[in-house]
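Computed from the coordinates by the stated procedures, all read-outs in this text should not be read as laboratory data. From a predicted model like this one, the values you see are computed outputs, not experimental measurements. Note that we place each Cβ from the backbone using ideal geometry, even for glycine, and neighbour counts take in every protein chain shown.
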Amino acid sequence: MDNDPENEKELFNLRHASLRNMIERIFGIFKSRFTIFKSAPPFLFKTQVEFVLVCAALHNFLRK
């Protein structure tokens, strides 16, 4: 089976799918580690973005 993209659209789709899979794995890790991600938080979108950034930094710190 050949996965080499034949044109720019296929290359974009391949990279997009790969990135989406990575993001879904990351949020799976976050959901198992930080309970705030298990349900929709009642916070403003800007605050939710900050939660993601802080949890990413905390996750990386705890892994070391």
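How far, in degrees from 0 to 90, does helix 8-33 lean away from the longest principal axis of the Cα atoms of the chain, to the nearest 10?
The angle comes out at about 20 degrees.
List the lysines whose Cα sits under 26 Å from the Cα of Lys46, skipping any in the same chain fewer than 8 residues away.
Filter leaves Lys31, Lys38.
Go through Phe51, Asn13, Asn3 and say which Cα lies farthest out towards the positive end of the charge dipole of the chain; charges sit on Cβ, +1 for Lys and Arg, -1 for Asp and Glu.
Phe51
Can you tell me which of Leu11, Leu53, Leu19 moves the most in a GNM of the chain? Springs connect C-alpha atoms under 10 Å apart.
Leu11
Fewest Cβ neighbours within 10 Å first, please rank Lys46, Lys38, Lys64, Lys31 accordingly.
Lys64, Lys46, Lys38, Lys31
As a test of the formula, what do you get for the chain when each DSSP H run with n ≥ 4 contributes -39,500 (n - 2.57) and the sum is divided by the residue count, at 222 nm and rounded to the nearest 500 deg cm²/dmol? Don't skip to the answer; put the middle values down first.
Working: 2 runs with 45 residues, N = 64.
Mean residue ellipticity, 222 nm, calculated: -24500 deg cm²/dmol.
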